[in-house]
Amino acid sequence: MTATDTAVDERLLHTSPLRKLLGRPELGSVVGAAAVFLFFAIAADSFLQASSLGTVLYAASTLGIMAAPVALLMIGGEFDLSAGVLVTSSALISSMFSYQMTANVWVGIFVSLLVTLLVGVFNGFMLTRTKLPSFIITLGTFLMLTGLNLGFTKLVSGTVSTKSIADMEGFPAAQKVFASQWTVGGVDLKVTILWWFGLVALATWILLRTRFGNWIFAVGGNADAARAVGVPVLKTKIGLYMGVAFAAWVSGQHLLFSFDVVQSGEGVGNELTYIIAAVIGGCLITGGYGSAIGSAVGAFIFGMTSKGIVYAEWNPDWFKFFLGAMLLLATLLNAWVRKRAEATK
């Protein structure tokens, strides 16, 4: 009998709960979130108040809505540097189309959805056809959208901001969908929290329970090998960019219906924050590893830090320092956890 005959399929081996826990991509971010929570619970008396929870969750949700699809994109081995300005673009399209055409705001909303998804298709198509790095492709899209946002808004509105659409038909209903809030136990909760939880749940289901999720991991691990075994790399990457575009549309509508006007220069720099949340949540820069739940934990850490500094009455100028420190620490912790997981296999 050969060694091959006596070898046991590793899929049939019993895996201990500890080994499963160490193998989770979000383990490091959960540990980090607990540390950040305890830190601000001690440093800021108002941090543990019920009203503070709603504020922290809102800050986390506005980031987390984008961080979930960005995490999937990173697991697929790519980046999107245009995600931040695409949020603003989607809001501008909804607002200006509705105002200029004197149409029901829902018409502008769906036109914005169509255009935003087309931007995602463009990014994915250009990436797969030109073979250029996603950094270059989406940097080009970022610059084009930044110029279009400013130039087109000035051309249509005469200023750098859109006209108010608060008195237009359909605005109250759209505001309920994208920018409403409700009170639970004295805590004001924004509807973006529901969008956030819903997108994270959907992204998790896609990753762990669908064929497309397997394709994402395969493409992120080795695109050439994935293509060789029949994985549709082109469709997978276009789908991932469309997912980021859809989340950008949701975030853009929230931006519009929260303030009813949009500044054309907003969104620049936010794309790095989305990537940071995904990395803190356990996604690898090299692709093939990570989770949507980890991105949610990363966004929650961001929310706790941004608001915890305010509650502690510190100078907010220190926020970027803490964010950078958390990024480095989380990356090191995630790398250590992954090595421990591989060592226990």
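The values are calculated or read from the model by the stated rules, or taken from the named source; none is laboratory data. As the structure is a prediction and not an experimental result, all values here were calculated from the model. With ideal geometry, Cβ positions are generated from the backbone for all residues, glycine too; neighbour counts draw on all protein chains shown. Just so you know, the surface numbers come from the protein's heavy atoms only, side chains and all, with ligands and any DNA or RNA stripped out. Shrake-Rupley method; radii C 1.70, N 1.55, O 1.52, S 1.80 Å.
Using only the Cα atoms of region 25-102, build the gyration tensor, take square roots of its eigenvalues as a ≥ b ≥ c, and label the shape rounded, prolate or oblate: rounded if a/c is under 1.5, else prolate if a/b is larger than b/c, else oblate.
oblate
Can you tell me how the chain classifies by the Cα gyration tensor, rounded, prolate or oblate, using a/c under 1.5 as the rounded cut?
oblate
When the chain is treated as a GNM, springs tying every alpha-carbon pair under 10 Å, which of Thr128, Thr162, Thr88 comes out with the largest mean-square fluctuation?
Thr128
Using a Förster distance of 30 angstrom, determine the FRET efficiency expected from the C-beta separation of Ala225 and Leu328, and round it to 0.05.
0.45
So how much slack lies between Arg24 and Arg211, counting 0.36 nm per residue of separation and subtracting their Cα-Cα distance, in nm?
On the way: separation 187, 0.36 × 187 = 67.32 nm, distance 2.00 nm.
Stretched fully, the Arg24-Arg211 segment lengthens by 65.3 nm.
Rounded to the nearest 0.05, what FRET efficiency is calculated for Thr130 and Lys339 with R0 set to 25 Å and r the Cβ-Cβ distance?
The computed FRET efficiency comes out at 0.10.
Only helical DSSP H runs with n ≥ 4 go in: add -39500 (n - 2.57) per run for the chain, normalise by residue count and round the 222 nm mean residue ellipticity to 500 deg cm²/dmol.
Values: 15 runs with 248 residues, N = 345.
It lands at -24000 deg cm²/dmol.
Between helix 192-209 and the chain, what is the angle of the helix's C-alpha long axis to the longest principal axis, kept within 0 to 90° and rounded to the nearest 10?
The angle comes out at about 30 degrees.
With the contact rule set at Cα under 8 Å and sequence spacing of 6 or more, what percent relative contact order holds for region 36-159?
Values: 77 pairs, mean separation 31.9, N = 124.
The normalised contact order for region 36-159 reaches 26 percent.
Under a 1.4 Å probe, what is the accessible area of the chain per residue, stated in Å²?
Ligands and nucleic acids excluded, the result is 49 Å² per residue.
In whole percent, how big is the carbon plus sulfur part of the accessible area of the chain, probe 1.4 Å, protein atoms only?
About 68 percent, which is the carbon plus sulfur part of the accessible surface.
Please work out the FRET efficiency for the pair Val121 and Leu202, using the Cβ-Cβ distance as r and a Förster radius of 22 Å; give the result to the nearest 0.05.
FRET efficiency, Val121 to Leu202: 0.65.
If Asp45, Asp260 are ordered by their accessible area, calculated over protein heavy atoms with a 1.4 Å probe, which sequence runs from highest to lowest?
Asp45, Asp260
How much net charge surrounds Leu92 when only other residues with a Cβ under 12 Å from its Cβ are counted (Lys, Arg +1; Asp, Glu -1)?
Computed value for this residue: +1.
Give me the Debye-computed log₁₀ of I(q)/I(0) at q = 0.12, 0.13, 0.22 Å⁻¹ for region 130-262, equal point scatterers on Cα only, no solvent, two decimals.
Debye intensities relative to I(0), on a log10 scale: -0.72, -0.81, -1.27.
Could you sort out which of Lys163/Lys190; Lys131/Lys307; Lys131/Lys163; Lys190/Lys320 sit more than 30 Å apart by Cα distance in this structure?
Values: Lys163/Lys190 24 Å; Lys131/Lys307 41 Å; Lys131/Lys163 41 Å; Lys190/Lys320 25 Å.
Correct reply: Lys131/Lys307; Lys131/Lys163.
Which loop chymotrypsin sites (Phe, Trp or Tyr not before Pro) in region 217-324, with loop taken from DSSP, have no more than 15 other Cβ atoms within 10 angstrom of their Cβ?
Listed in order of number, the matching sites are Trp314.
If I model a spin label at Phe321 and Ile285 as a point 7 Å from the Cα along the Cα→Cβ vector, what separation in nanometres do I get?
Inter-label distance under the simple model: 2.4 nm.
Build a GNM of the chain with springs between Cα atoms under 10 Å: which of Ile206, Ile301, Ile216 gets the top mean-square fluctuation?
Ile206
Towards the positive end of the charge dipole of the chain, with charges on Cβ (+1 Lys, Arg; -1 Asp, Glu), say which of Thr128, Ser258, Thr88 has the farthest Cα.
Most positive-ward Cα: Thr128.
What is the sum of charges, Lys and Arg at +1 and Asp and Glu at -1, for the other residues whose Cβ falls under 11 Å from the Cβ of Thr138? Mind showing how you got there, number by number?
Working: positive: none; negative: Glu78, Asp80, Glu271.
Cβ neighbours under 11 Å give a net charge of -3.
In nm, to one decimal, how far is the modelled label at Leu155 from the one at Thr183, with both set 7 Å along Cα→Cβ?
Each label point is offset 7 Å from its Cα along the Cβ direction, giving 4.7 nm.
What length, rounded to one decimal in nm, is gained on full extension from Leu194 through to Ala166, with 0.36 nm per residue of separation minus their alpha-carbon distance?
7.7 nm
Could you give the dipole magnitude of the chain about its Cα centre, charging the beta-carbon of Lys and Arg +1 and that of Asp and Glu -1, in debye to the nearest 20?
780 debye
Length gain on complete extension for the stretch Ser51 to Ala34, per 0.36 nm per residue less the alpha carbon to alpha carbon distance?
Gain on stretching Ser51 to Ala34: 4.2 nm.
For the chain, take the longest principal axis of its alpha carbons; what is the angle in degrees between that and the long axis of helix 83-100, to the nearest 10 within 0 to 90?
Here the helix axis deviates by roughly 30 degrees.
Kindly give the semi-axes, whole Å and largest first, of the ellipsoid equivalent to region 71-152, taking each as the square root of 5 times a Cα gyration tensor eigenvalue. Write out the running numbers ahead of the final one.
Numbers: eigenvalues 142, 33, 20 Å².
Taking √(5λ) for each Cα gyration eigenvalue gives 27, 13, 10 Å.
Using a 1.4 angstrom probe on the protein heavy atoms only, could you order Met66, Met101, Met242, Met96 from most to least accessible area?
Values: Met66 0, Met101 115, Met242 65, Met96 20 Å².
Greatest to least solvent exposure: Met101, Met242, Met96, Met66.
At a threshold of 8 angstrom on Cα-Cα distance, excluding pairs fewer than six apart, so keeping six or more, what relative contact order does the chain reach in percent?
RCO, the chain: 36 percent.
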